[in-house]
Amino acid sequence: MILEAFNLVLNPICLMLILVGVIVGIIFGSIPGLSATMAIVLFLPMSFGMTPMNGISLLVGLYLGGISGGLISAILLKIPGTPSSISTVFDGGPMADKGEAGKALGIGILYSFLGGMISIFALIFISPYLAAITLKFTPVEYFSIAIFSLTIIASLSGNSLINGLLSGFFGIALALVGMAPIDAYTRFTFGQYQLLSGFDIVVILIGIFAVTDIILSGYDRKHLADKMEKKSFNLKGFGISFEEFKGQIGNLIRSSLIGIGIGILPGIGGSTAGLLAYTTQKNSTKYPEKFGTGVIDGVIASETSNNAVIGGSLIPLLTMGIPGNTVTAIFLGGLTIHGISPGPLIFDKSGQYVYGIFIALIVANFFMLIFEKAGLRIFVKLLDIPKHILLPIIMVCCVVGAYSSNSRIFDVWCVLVFGLVGLFFKKFKIPSTPLIIGFILGKMAEENLRRALQASEGNISVFFTRPISLLFLVIAFLSITLTLKNKANGKN
């Protein structure tokens, strides 16, 4: 069966399809507003006429390339190419500003590869055991996980905890706009039918991270002129010394485990994994005040964890048929189309294709490492483009990305509005990251809270009587306590 899988994947046609998928995925991932999801959606019909292994291998390349490609614009333009790369901006952008764009990219590419490989081996060797754990998770546990994840807001509030909490609550408020989960009750639409589906995360990301910076750069003419100066970099290997690599082994392992764990849990996603890994590393290091100023720790935590989500998300998909995120939901459709039914019997019925997926993931990961490393100097050349030329092009890409998300002009106006919101936040030194966290986790917390209370007939004690739920709530309490203690001692 394994030999058959090698024969199915290691042939010129399949390898070429994996390479094409990785390259196209990187391009989609690096352009703000596009994503791995969009790449797979566009290429899924093309896979219909292929053999099952060839079609699936193409989708594997698109998935892996799309996730890793987000680091390019996150570092060079301070715009997360995909939601998974949100936390890469925090230190990757400042590193580029300091003339270390090449180093940030090199480290991001290397640790994307390492995080991906660790998660793939987890998928191969321990997927049946890890998947069994998730069978015990109910809406009660998912709500507790959301509460624990929301404690990240306190850690990323900067010097003002009040400002951070205000930003987080504003993000949660934005998540409440539209139709409520379960009963579809309309809320906060003010008679505007465009708001029935709420705000799109891509629109908020582009507005807060891209349009705000474009407006600020346009206001500061002198700053704009300074940015036009040519920037060069010297990069040996992947930009990280052996001593630095040894010092980041703990970060690598911890962030990989976070990514795998978050990937296994359906509906959470790479953005949460990156933020959680980033905050965990910040809280465990001896120099938390340096985070956000351009340290490699933040880039490593973010890129390791969001790529580790790939293998983790495929564990429940293959063994139980449960997609962990939007991309794997589409991937599930691709498997079904090619006659592969995920579930406990998949190794017996379609074992050669399962092992073929494992091999395709490993090959795609190596292609990602080689192609992104080879194109590194081309990517960094973006910094040499005069900003008065580059910024209008970025603005056009932002508008196109916002429109392509849902094909609505309304989203284009929302991007501009959120750009002004970001400008307001900058003016009054309110951190924007808690807003994103609140928006992402607000929906998850509300939906699972309502489902849990419905199932328990309104009995709130269910959150404290189930062991896994109680564990996450205790960890959340400890996280808040530790953060408040650090704030009281004057640490960020």
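One line per residue, one yes/no per condition, for (1) part of a loop (DSSP other than H, G, I, E, B); (2) open to solvent by 20 Å² or more (accessible area, probe 1.4 Å); (3) over 23 Å from PHE170 (Cα atoms):
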{"site": "VAL421", "(1), (2), (3)": "no, yes, no"}
{"site": "ILE437", "(1), (2), (3)": "no, no, no"}
{"site": "LYS443", "(1), (2), (3)": "no, yes, no"}
{"site": "LEU453", "(1), (2), (3)": "no, yes, yes"}
{"site": "GLU457", "(1), (2), (3)": "yes, yes, yes"}
{"site": "ILE460", "(1), (2), (3)": "yes, yes, yes"}
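Within the stretch 260-289, residues that are within 27 Å of PRO139 (Cβ to Cβ) and among the basic types (Lys, Arg) have Cβ atoms under 8 Å from residues that are at pLDDT below 85 and surrounded by 24 or more Cβ atoms within 10 Å (Cβ to Cβ) in no pair, counting only partners at least 6 apart in sequence or on another chain.
Take the conditions (1) in a helix (DSSP H, G or I); (2) open to solvent by 10 Å² or more (accessible area, probe 1.4 Å); (3) farther than 28 Å from ILE468 by Cα; GLY99 misses just one of them, which is (1). Among the residues making up the stretch 424-435, those that are in contact with a helix residue (DSSP H, G or I) (Cβ under 8 Å, 6 or more places away or on another chain) and either open to solvent by 40 Å² or more (accessible area, probe 1.4 Å) or β-branched (Val, Ile, Thr) (or both) are LYS426, PHE428, LYS429, ILE430, THR433. A count restricted to the stretch 237-259 and to residues that are open to solvent by less than 50 Å² (accessible area, probe 1.4 Å), over 19 Å from GLU100 (Cα atoms) and either free of Cβ contacts under 8 Å to residues at least 60 places away in the same chain or among the hydrophobic types (A, V, I, L, M, F, W, C) (or both) stands at 4.
Going by what's in this entry, would GLY321 be described as farther than 19 Å from GLY115 by Cα and at pLDDT 85 or above? So that I can check it myself, show each step before the final result.
Details: farther than 19 Å from GLY115 by Cα: yes; at pLDDT 85 or above: no.
It is false that GLY321 is farther than 19 Å from GLY115 by Cα and at pLDDT 85 or above.
For the stretch 470-486, the tally of residues that are open to solvent by less than 50 Å² (accessible area, probe 1.4 Å) and within 17 Å of ILE262 (Cβ to Cβ) stands at 3. Count of the stretch 20-50 residues, restricted to those that are surrounded by fewer than 18 Cβ atoms within 10 Å (Cβ to Cβ) and either at pLDDT 85 or above or touching a helix residue (DSSP H, G or I) at 6+ places or on another chain (Cβ under 7 Å) (or both), is 4.
Listed here are the residues, each with its yes/no results for (1) surrounded by fewer than 24 Cβ atoms within 10 Å (Cβ to Cβ); (2) modelled with pLDDT of 90 or more; (3) of a type outside the set (A, V, I, L, M).
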site: GLY81; (1), (2), (3): no, no, yes
site: PHE90; (1), (2), (3): no, no, yes
site: PHE125; (1), (2), (3): yes, no, yes
site: LEU130; (1), (2), (3): yes, no, no
site: PHE170; (1), (2), (3): yes, yes, yes
site: LEU174; (1), (2), (3): yes, yes, no
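Residues of the stretch 363-383 that are of a type in the set (Val, Ile, Thr), open to solvent by 30 Å² or more (accessible area, probe 1.4 Å) and modelled with pLDDT of 85 or more: ILE370 alone. Taking the listed residues LEU105, LEU77, the one that is closer than 21 Å to ILE23 by Cα, at pLDDT below 90 and touching a strand residue (DSSP E or B) at 6+ places or on another chain (Cβ under 8 Å) is LEU77, with no other qualifying. Check whether at least one residue in the stretch 297-306 is within 22 Å of PHE121 (Cα to Cα) and over 11 Å from the mean Cα position of the chain (by Cα), and report yes or no. Among the residues of the stretch 297-306, at least one is within 22 Å of PHE121 (Cα to Cα) and over 11 Å from the mean Cα position of the chain (by Cα), which makes the answer yes. Taking the options THR280, THR326, name whichever one is among the hydroxyl-bearing types (Ser, Thr, Tyr) and modelled with pLDDT of 80 or more. When all the criteria are applied, what remains is THR280.
The values are calculated or read from the model by the stated rules, or taken from the named source; none is laboratory data. Just so you know, these numbers come straight off a predicted model, no measurement behind them. Because the Cβ atoms are built from the backbone with ideal geometry, glycine has one as well, and the counts that use them run over all protein chains shown. Please note that ligands, DNA and RNA were not included when accessible areas were found on the heavy atoms of the full protein model with its side chains. Shrake-Rupley method; radii C 1.70, N 1.55, O 1.52, S 1.80 Å.
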